[in-house]
Amino acid sequence: MGKVINCECGAVVRAESDDELVAKVEAHVDTVHPDLVGKLGRDDILGMAEEE
């Protein structure tokens, strides 16, 4: 079972593992939300995730 994060910008980030989800969210933040770079840790990202 995978995990998903629905970003407030409308993007949906899906992954099959925690590591993959964190990497994808970090890449999304880098490109779309540069003001948040360095402000979201692994625990923050995983805390926003929902099981699919």
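Quick note: the coordinates plus some simple rules give every number you see, no bench work behind them. Predicted model, so just to flag it, every value in this text is computed and none were measured. Cβ: placed from backbone, ideal geometry, glycine included. Neighbour counts: every protein chain shown.
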- Item | Condition check for Val29: of a type in the set (A, V, I, L, M) and touching a Leu at 6+ places or on another chain (Cβ under 9 Å) | yes
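One line per residue, one yes/no per condition, for (1) exposed (fewer than 11 other Cβ atoms within 10 Å of the Cβ); (2) at negative phi; (3) part of a loop (DSSP other than H, G, I, E, B):
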{"residue": "Val4", "(1), (2), (3)": "no, yes, no"}
{"residue": "Gly10", "(1), (2), (3)": "yes, no, yes"}
{"residue": "Asp19", "(1), (2), (3)": "yes, yes, no"}
{"residue": "Glu26", "(1), (2), (3)": "no, yes, no"}
{"residue": "Asp35", "(1), (2), (3)": "yes, yes, no"}
{"residue": "Gly38", "(1), (2), (3)": "yes, no, yes"}
{"residue": "Asp44", "(1), (2), (3)": "no, yes, no"}
